[in-house]
Amino acid sequence: MITGIISEYNPFHNGHKFQIEQARKMGSEYIIAIMSGNFTQRGESTITDKYSRTEMALKNGVDLVIELPVIFATGDAGIFARGGVNLLNSLGVVDRICFGTETGSISFLSELVTFFNNPPNEYLEKLDLLLKSGLNFPTARSTALKNYFKETDIDLIKGSNMILGIEYCQALKELNSNIIPLPIERKGADYNDDELDFLGLSSASAIRKVLSECCNTITDTMGISGLGYSSHYISLNSLKEHMPEASVEILVNSPLMFPEDFSSILHHKLIMHEDFSKYLDITESFSKRIIANRFSYSDYYSFCGLLKTKNITHASVQRLLSHILLEINEMPRNVGYARVLGFKKGTSELLSKIKANSKIPLITKLADVAPNPCLEADIKAAHLYEALKSDKYGTKFQNEYSRQLVMVD
């Protein structure tokens, strides 16, 4: 039994470990993670690079890590889910897709997918009116659903994990895939909770917040120059109960990056251009909104607040700005390759099985690959991340073409 997980592991925490353990208990012989590279579905940079996070995953139960292309990784829930599911389906060996939800009920998920695949006209009309009134899509959808589901069920539907779970199931149905959904009820803190959970099942958001606050304090008091990666070690005592030991050890030795580290280069791009509608998902009206506010830019998060509207959420703004930052201007129909970031030694049987059954090439060396716009976007994103990381920490720039696969025992 081979199970796929679509992930960010930003960073890998106890909740992720719990999910993998549950998948193993349910008969998973191998676990494949489709993981975002250096930028996420929130439109933000990751706390540490994809190679460090790959190592975390492999040391905590994953057998193979494949990169989710940045064009899909920075998309909305539907794009993110379809990119990940398309990859898993294309490998030709995956039996199940495991994901966390606010409920572990596959019957409820199936009911939702059936509803959304053939919604009543009255629902669509109500949704359209609510969107035109200025509500963002999540709020408009939950309001329009009130005549069709119980209030308690609607509360579940609004959950971040449930939103993705629905999208995974819809993507599977669209592809007519044989992969079986395996929802696991999320334990502990909510996806968006930014405070540590006393039971040790904190969200990645809360963990990143602790690391950010710690690093900001160090920088304010000592300055960044000359600091080693382990300058953030003082925060790790508070995180040891919330992350597996291997994840903590990797973080100690990893240079941490935050969205603010990309603020200056984003600001530069916003000043240098007069039209942003050429970038993916950016409308002419939103482009004009950027231009009208760009000289009020003070920092990344404040600028996102200036652009946010009643029907464009903060997260949506971040995703759109990430498309400008990374110069993403088109969406491919499918993921045409599977780029391996790392694997466990001893999984040769799994790799051989994929090579024999995959509908797309399995990439282990970039030098062997023909030019591909989607892959080129991944490489540009990786090089931007690496350039700013090396500037921040005074380290040698690492060319993406010469990076080695992560392999652990």
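The values are calculated or read from the model by the stated rules, or taken from the named source; none is laboratory data. A quick note: this is a predicted structure, and the numbers were derived from the prediction, not measured. All Cβ positions, glycine included, derive from the backbone under ideal geometry; neighbour counts span all protein chains shown. All accessible areas refer to the heavy atoms of the entire protein, side chains included, with ligands and DNA or RNA removed. Shrake-Rupley method; radii C 1.70, N 1.55, O 1.52, S 1.80 Å.
Observations
- The residue pairs whose first member lies in segment 117-129 and is assigned to a helix (DSSP H, G or I), whose second member is surrounded by 11 or more Cβ atoms within 10 Å (Cβ to Cβ), and whose beta carbons are closer than 6 Å, counting only pairs six or more residues apart or on different chains, are Tyr123/Ala144; Lys126/Ala144; Leu127/Ala140; Leu127/Ala144.
- When segment 292-318 is filtered for residues that are hydrophobic (A, V, I, L, M, F, W, C) and open to solvent by less than 50 Å² (accessible area, probe 1.4 Å), the ones remaining, listed by number, are Phe303, Cys304, Leu307, Ile312, Ala315, Val317.
- When residues of segment 145-184 are limited to those that are outside any loop (DSSP other than H, G, I, E, B) and among the hydroxyl-bearing types (Ser, Thr, Tyr), the one most open to solvent (accessible area, probe 1.4 Å): Thr152
- Failed criterion for Glu213 (all others in (1) under 27 Å from the mean Cα position of the chain (by Cα); (2) at pLDDT 85 or above; (3) open to solvent by 60 Å² or more (accessible area, probe 1.4 Å) hold): (2)
- With respect to the conditions (1) more than 30 Å from Thr139 (Cβ to Cβ); (2) hydrophobic (A, V, I, L, M, F, W, C); (3) in a helix (DSSP H, G or I), Phe343 falls short on a single one, namely (3).
- Filtered residues of segment 374-406 (kept if touching a residue at least 40 places away in the same chain (Cβ under 8 Å), open to solvent by 50 Å² or more (accessible area, probe 1.4 Å) and under 20 Å from the mean Cα position of the chain (by Cα)): Lys380
- Condition met for Thr347 (farther than 25 Å from Asp261 by Cα, open to solvent by 50 Å² or more (accessible area, probe 1.4 Å) and not small (Gly, Ala, Ser)): no
- Test: residue in segment 116-132 that is within 27 Å of Ser358 (Cα to Cα), surrounded by 13 or more Cβ atoms within 10 Å (Cβ to Cβ) and out of contact with any Leu (no Cβ under 8 Å at 6 or more places or on another chain): no
- Cross-chain or 6+ apart pairs with Cβ under 9 Å, segment 327-342 first and aromatic (Phe, Trp, Tyr), then outside any loop (DSSP other than H, G, I, E, B) and open to solvent by 20 Å² or more (accessible area, probe 1.4 Å): Tyr337/Leu362
- Test for Leu384: is it touching a Cys at 6+ places or on another chain (Cβ under 9 Å) and modelled with pLDDT of 95 or more: no
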